[in-house]
Every structure is written in structure tokens, then in C-alpha cells.
1. Can you tell me which condition residue 151 does not meet? The list is (1) modelled with pLDDT of 95 or more; (2) exposed (fewer than 15 other Cβ atoms within 10 Å of the Cβ), and all the others hold.
2. Is it true that residue 81 is assigned to a strand (DSSP E or B), within 15 Å of the chain's Cα centre (by Cα) and touching a residue at least 12 places away in the same chain (Cβ under 8 Å)?
3. Which of the numbered conditions does residue 117 fail, given that it passes all the others? Conditions: (1) surrounded by fewer than 17 Cβ atoms within 10 Å (Cβ to Cβ); (2) touching a strand residue (DSSP E or B) at 6+ places or on another chain (Cβ under 9 Å); (3) within 27 Å of residue 16 (Cα to Cα); (4) free of Cβ contacts under 8 Å to residues at least 60 places away in the same chain.
4. In the set 185, 171, 165, which member is loosely packed, with under 12 Cβ neighbours inside 10 Å, touching a strand residue (DSSP E or B) at 6+ places or on another chain (Cβ under 7 Å), at pLDDT 95 or above and more than 26 Å from residue 17 (Cβ to Cβ)?
5. Within the range 39-71, take every residue that is part of a helix (DSSP H, G or I) and over 18 Å from the mean Cα position of the chain (by Cα) and give me the one that is nearest to residue 176 (Cα to Cα).
6. Hey, among 131, 34, which residue is farther than 28 Å from residue 185 by Cβ, in contact with a strand residue (DSSP E or B) (Cβ under 8 Å, 6 or more places away or on another chain) and not in a loop (DSSP other than H, G, I, E, B)?
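The values are calculated or read from the model by the stated rules, or taken from the named source; none is laboratory data. The shown structure was predicted, so the numbers you read here are calculated from the model rather than taken from an experiment. Using ideal geometry, Cβ is built from the backbone for each residue, glycine included, and neighbour counts are taken over all protein chains shown.
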């Protein structure tokens with residue numbers, strides 16, 4: 001173990017083209033540059049919280065504070081893992097997975113973003129499959145949920161493409177005006193119902209206590 005005080009830094013998810021890992025402080029700055037270069041058209045807002053609207057240097061400072069904050073506030077019953085997605089060692093986006101009272105509910109939520117130059121290349125689907133493999137195969141999750149605004153066609157396409165089912169309507173107001181969202185849900189049975197591309201998970205055993213996942217893994 002390279003990071004005995006915080007073994008999450010040793011967690012790696014590897015797909016055919018991508019590696020997902022927790023960014024260190026230097027990599028947070030690199031990831032911020034990707035986000036600042038653009039994720040979506042300025043007139044659009046695909047996120048429930050409008051973090052991409054922030055002006056510089058507030059954008060950069062709050063980007064770093066977000067990543068530092070979820071690291072410092074991590075609790076086994078309330079965690080948020082924001083993994084830097086890399087292609088050939090280069091940061092291209094972020095894939096998040098979070099849970100509350102995971103040991104009781106075995107439910108995770110996911111969210112993600114990609115720099116615009118890396119969109120429409122299949123990376124979104126590949127990185128989602130990676131964290132779903134972590135959730136279902138690694139942590140013993142039983143349900144995964146996500147949601148997207150109805151005009152966020154790319155996000156919905158990824159969710160449907162990996163096997164989520166539509167699961168009702170939500171609502172968010174990122175810029176002060178309420179907008180409906182499409183909710184999606186995937187069960188363990190859905191995950192196991194089709195062949196999945198291989199995902200290599202490295203360094204998970206030392207992290208199970210941090211996810212409060214030991215009992216869930218033992219029962220799968």
C-alpha cells in the first residue's frame with residue numbers, strides 16, 4: 001500500500017482505454033484546466049448545481065475546495081468518490097459515485113463530466129461502466145441511480161446504453177428556474193443480465209472499511 005493513511009489514493013479502475021483514480025492536488029489543478037476549457041455550451045446547464053457558471057478565479061478556487069472538501073468530510077456512512085478519468089495518462093473528465101448509509105441501503109448515485117474535446121467518443125459510457133463495476137462487483141451494491149435534464153441527450157444515452165431503466169421524474173433549478181429531470185435506476189439483476197466489458201479494480205480491499213462495504217461484499 002503506497003498511501004496507508006488514505007488508501008483511496010491507491011484505488012484504480014481500468015477499462016480498455018481509461019484509468020480512473022482519485023486525483024492528488026497537482027492533478028486537481030490539471031483536471032480544473034480541462035473543466036475550465038469547456039464542458040457545455042454557455043447557454044446550457046446540465047448540472048443541478050451551476051458550478052460551471054462561476055467566474056475565474058472563483059471557479060478554480062471552488063473547484064479545488066470541492067475536491068478537498070469531499071476528501072476531508074468523508075465518512076463511511078456518507079461518502080463521495082470523485083475519480084479523475086485519464087486517457088493515456090491525461091485527465092479528460094470526472095466520474096463520481098456517492099452513497100449515504102450504504103451498508104443499510106446498498107444504493108449508489110453517479111454523476112460525471114467530460115471536457116468537450118473528449119465527448120462523443122464513447123468515454124462517457126466506458127467510465128460509467130467502470131464505477132458500476134466498482135459498485136456492483138466490488139462493493140456489493142444492489143441499486144444504482146442517476147438523473148439528467150431532459151435536454152441532456154448525451155447523459156441519457158449513456159444511462160440507457162449501460163442498462164438503466166427510467167424511474168420517474170425529478171426537478172432541479174440550477175439557474176433559479178425549475179426544470180424537470182429524468183431519473184434512472186439500475187438493479188444488481190439488471191447489471192448481471194448482460195455481458196459487460198472487463199474492468200480491472202486495483203487496491204479496493206484496503207478501502208472497504210472506508211466505504212462501509214465489508215458486510216455487503218461478504219454477502220454477495
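1. Here residue 151 clears every test but (1).
2. Yes, satisfied.
3. Of everything listed in (1) surrounded by fewer than 17 Cβ atoms within 10 Å (Cβ to Cβ); (2) touching a strand residue (DSSP E or B) at 6+ places or on another chain (Cβ under 9 Å); (3) within 27 Å of residue 16 (Cα to Cα); (4) free of Cβ contacts under 8 Å to residues at least 60 places away in the same chain, residue 117 misses just condition (4).
4. The unique qualifying residue is 171.
5. 53
6. After ruling out the rest, the residue left standing is 34.
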